[in-house]
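The values are calculated or read from the model by the stated rules, or taken from the named source; none is laboratory data. In this text the structure is predicted, and so the values were computed from the model without any measurement. Heads up, the Cβs are rebuilt from the backbone with ideal geometry, glycines too, and the neighbour counts pull from every protein chain shown. Note: areas computed on protein heavy atoms with side chains; ligands, DNA, RNA excluded. Shrake-Rupley method; radii C 1.70, N 1.55, O 1.52, S 1.80 Å.
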Amino acid sequence: MQDSDFVERVRVVSGHLAKVPRRVRLVEVGPRDGLQNESVVLPTGVKARYISLLSEAGFSEIEITSFVSPKRVPALADAEALCGQLRFSSGVRYTGLVPNRRGLERALAAGVRSVAVLAAASETFSQRNIGMGVKEALEEIRAVCREAQQEGVRVRGYVSTAFYCPYEGRISPLQVRSVVEALLEIGVAEVSLADTIGHAVPTDVVELLEVLAPILPWERVALHFHDTWGLALANVLTGLELGIATFDAASGGAGGCPFAPGAAGNVATEDLLVLLRGMGVETGVVLEKVVEASRYLESHLGKLLPGRYLRAIGS
């Protein structure tokens, strides 16, 4: 017979799991965050086919590219050409990352109707990543958001280095809160909190969300975990237990950041789908279709992607 302490622990854990959202929204970021750090520059037609396969998988949102300077991210230099080759599917939101007003102009001219902006919680990372300090970056985001809203374009806001920075170490949740407050005041529709270098553990997730809870409605939160230390799914589970229902992921676990030394890929979409399916959580995304997209991507990158499910099922 189990002691009363164990029984109570089981009751508490069961209570947490019972509050997990029954349906979760997945934002596929493989075509942008997954490809931006690759040394192999894929042909535009290959990227378009990859995105088409992901569209068939049932995602409601796919981040397709970045309208950043080609000199800074050569792998995504063909943003306009890519949009010209895409067949936009109804029911799928195709989002492009824009670093500034010039990027927004390019995105709008290419027909993109959903954009993402990026603010860092770390001053050093902000300077290294976009060449601006946090305050300056937020002012640029304000201008981008104002122009986007005038065009009826949705704006998603990233907070990079929301947990740890490759240059400054652990980031205070209060530091993150100040950036989130600014983004909400500016008018972003959703805030994606990014563990850019993949060093966060579940207690970090709890501490940050506790600080943000008074100002940030959970329906406007997304979590974006990289899997550098193999902790991404543990962090996802913590987010689920706290009621978060939107997560970013990249097919096959592709990814990395050219401006974050040591950062590995995103949590693999397939691994996340296996977790959610096992827990009875609906996503509307077909696992087998995501695998097909990842296999296609592997064949053109000339290497295997690190996703655990992808590796476990073999060829």
Residue by residue through segment 217-234, the couplings from Karplus 6.51 cos²θ - 1.76 cosθ + 1.60 with θ = phi - 60°, in Hz, x for Gly and Pro, are x, 4, 5, 10, 10, 10, 10, 10, 10, 9, 10, 3, 9, x, 10, 4, 5, 4
Where is the GNM fluctuation largest for the chain (alpha-carbon springs, 10 angstrom cutoff): ASP33, ASP227, ASP204? ASP204
If amide H atoms are modeled at 1.01 Å from N in the peptide plane, then the residues at a separation of 5 or more from ARG25, or on another chain, having amide H under 5 Å from its own are THR246, PHE247
Considering the chain as a Gaussian network with a 10 Å cut-off on Cα pairs, which listed residue, SER114, SER251, SER52, attains the greatest mean-square fluctuation? SER52
Loop only by DSSP, 12 or fewer other Cβ within 10 Å of the Cβ. Give me the trypsin sites (Lys or Arg not before Pro) in segment 81-156 that pass, ordered by residue number. ARG87
FRET efficiency (SER172, ARG277; Cβ distance; R0 25 Å; to 0.05) is 0.10
Largest first and in whole Å, what are the equivalent-ellipsoid semi-axes of the chain based on the Cα gyration tensor, each being the root of 5 times an eigenvalue? 29, 24, 18
Normalised per residue, the volume inside the convex hull of the alpha-carbon atoms of segment 62-145 in Å³ amounts to 92 Å³
Solvent-accessible area, 1.4 Å probe, carbon plus sulfur percent, for the chain: 53 percent
Over the chain, with the other protein chains present, what is the accessible area per residue in square angstrom, probe 1.4 angstrom? 41 Å²
Spelling out what I want: for every residue of segment 153-161, take phi, set θ = phi - 60°, compute 6.51 cos²θ - 1.76 cosθ + 1.60 (Karplus), and round to whole Hz; glycine and proline get x. 9, 6, 10, 9, x, 8, 10, 7, 6
Using θ = phi - 60° and the Karplus relation 6.51 cos²θ - 1.76 cosθ + 1.60, list the HN-Hα couplings for segment 296-310 in order, rounded to whole Hz, with x at every Gly or Pro. 4, 4, 4, 5, 9, 7, x, 7, 8, 7, x, x, 5, 4, 4
Figure the gain on full extension for ARG9 and ARG101 (residue separation times 0.36 nm, minus the Cα-Cα span) and round it to one decimal in nm. 27.9 nm
Counting other Cβ atoms within 10 Å of each Cβ, which chymotrypsin sites (Phe, Trp or Tyr not before Pro) in segment 66-128 have at most 16 and sit in a DSSP loop? PHE88
Say we join alpha carbon atoms closer than 10 Å with springs in a Gaussian network model of the chain; which of LEU97, LEU54, LEU208 then has the biggest fluctuation? LEU208
Expected unfolding gain across VAL286-LYS135 under the 0.36 nm per residue rule, minus the alpha-carbon gap, is 50.3 nm
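Within segment 115-165, list the GluC sites (Glu not before Pro) lying in a DSSP loop whose Cβ has at most 16 other Cβ atoms in a 10 Å radius. Working shown, then result.
On the way: sites: GLU123, GLU136, GLU139, GLU140, GLU147, GLU151; in loops: GLU151.
For GluC sites (Glu not before Pro) across segment 115-165 that sit outside H, G, I, E and B with at most 16 neighbouring Cβ atoms in 10 Å, the list reads GLU151.
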